[in-house]
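Take a look at the structure set out below.
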């Protein structure tokens, strides 16, 4: 299986804080949950995002929104139910 996603993904993820990139990739590709902040971002729980964010992530919230809107697979983000069901691109859910 080709590694998801193409160059645009890599460019978008490079705008996210360096300490968050591996967690984002593990979540998207393998369904490995990240920390509280990352999972709040993926669940679109921005009250929790603001409570959990460090200064670095607070400064780039617009980059997080851009990443979710334009580069993250729809199934890995959006609400708590979606993230509970997400198994990663490498582990698709049986239909």
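What follows is calculated from the coordinates using simple rules that are stated; it is not laboratory data. None of the values given here were measured: they were computed from a predicted structure. Quick reminder, even Gly has a Cβ in these numbers, built from the backbone with ideal geometry, and neighbours come from all protein chains shown.
Between residue 50 and residue 62, the contour length at 0.36 nm per residue exceeds the Cα-Cα span by 3.0 nm.
Seen against the Cα atoms of the chain and their longest principal axis, helix 18-30 is set at about 30 degrees. Secondary-structure-derived ellipticity at 222 nm for the chain, considering helices only, amounts to -15500 deg cm²/dmol, per-run term -39500 (n - 2.57) for DSSP H runs with n ≥ 4.
The convex hull drawn around the Cα atoms of the chain, when projected onto a plane and averaged over every direction, covers 5.8 nm².
Please determine, in degrees from 0 to 90 and to the nearest 10, the orientation of helix 61-70 with respect to the longest principal axis defined by the Cα atoms of the chain, where the helix direction is its Cα long axis. Relative to the chain, helix 61-70 is tipped by roughly 20 degrees. Protection proxy ranking, highest mean first, for peptides 25-34, 12-21: 25-34, 12-21, where packing is the per-residue count of other beta-carbon atoms within 10 Å, averaged. Between 49, 24, 65, find the one with the highest GNM mean-square fluctuation for the chain; connect C-alpha pairs within less than 10 Å. Largest GNM mean-square fluctuation: 65.
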